[in-house]
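Trainee: Have a look at this one.
The values are calculated or read from the model by the stated rules, or taken from the named source; none is laboratory data. Everything numeric in this text was worked out from a predicted model, so none of it was measured. No Cβ is skipped: glycine too gets one built from the backbone with ideal geometry, and neighbour counts run over all protein chains shown.
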Amino acid sequence: MMSTEIKLSQSTAIRLEQARGKGMPEDQILQAIKAKDVAAFDAVSEEHYRYDDFISYADEHGENLEAAVQKGYRITFNTRGGLGIWIEKAFGLQPERDFTVGEGIVTGLKLKPEQAEVLAKRLASNWVITDSRDVPEGQELTLKLRALV
């Protein structure tokens, strides 16, 4: 039996992780998705990351938000800026302080082992983890654009 990966666009993934990062419980996220209740996300909304078309975009593009919340997902394509923002939202890290985003490369990204595992599953296939070394925090990773490897 083949497991079909659930794919999400970068912007959908960023909004999902933003809601989680701001403490919205999984069951509330699922309830809002099922009810197509965009207003339920008001408390976790940010100026640049609103939820107005979070659900409608997912519907139009065949993104299964419910399954993504429950089973996980892979991002379809990461831009370097978007990858940095996703890392920030997903792991509560600060660019420049906790990791560095360069031309087609992310360096100095320190994650706990379970976070590194999540990253490997979420990272779009146009990026690869090229280096991983053990550090007190867990692992320090280097990510590169596949085209540059």
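Trainee: Could you tell me whether Glu47 is assigned by TED's automatic domain parsing to the domain that holds Arg20, charged (D, E, K, R) and touching a helix residue (DSSP H, G or I) at 6+ places or on another chain (Cβ under 6 Å)?
Mentor: Taking the combined requirement at face value, the residue does not satisfy it.
Trainee: Continuing with the same structure: How many residues does region 104-135 contain that are assigned to a strand (DSSP E or B), among the charged types (D, E, K, R) and either free of Cβ contacts under 8 Å to residues at least 24 places away in the same chain or within 25 Å of Val44 (Cβ to Cβ) (or both)?
Mentor: 3
Trainee: On the given criteria, is Lys121 closer than 22 Å to Arg15 by Cα, in the same structural domain as Ala19 (by TED's automatic domain parsing) and of a type in the set (Lys, Arg)?
Mentor: Judged against the criteria, Lys121 is not a match.
Trainee: Among (1) in the same structural domain as Asn126 (by TED's automatic domain parsing); (2) assigned to a helix (DSSP H, G or I), where does Val101 come up short?
Mentor: Exception for Val101: condition (2).
Trainee: Looking at His61 and the list (1) surrounded by 13 or more Cβ atoms within 10 Å (Cβ to Cβ); (2) under 17 Å from Gln10 (Cα atoms); (3) modelled with pLDDT of 95 or more, which single condition is not satisfied?
Mentor: If we test His61 against (1) surrounded by 13 or more Cβ atoms within 10 Å (Cβ to Cβ); (2) under 17 Å from Gln10 (Cα atoms); (3) modelled with pLDDT of 95 or more, just (1) comes out false.
Trainee: To continue, here is another question. Report the residue count in region 136-149 for those that are in a strand (DSSP E or B) and closer than 21 Å to Phe77 by Cβ.
Mentor: The total comes to 5.
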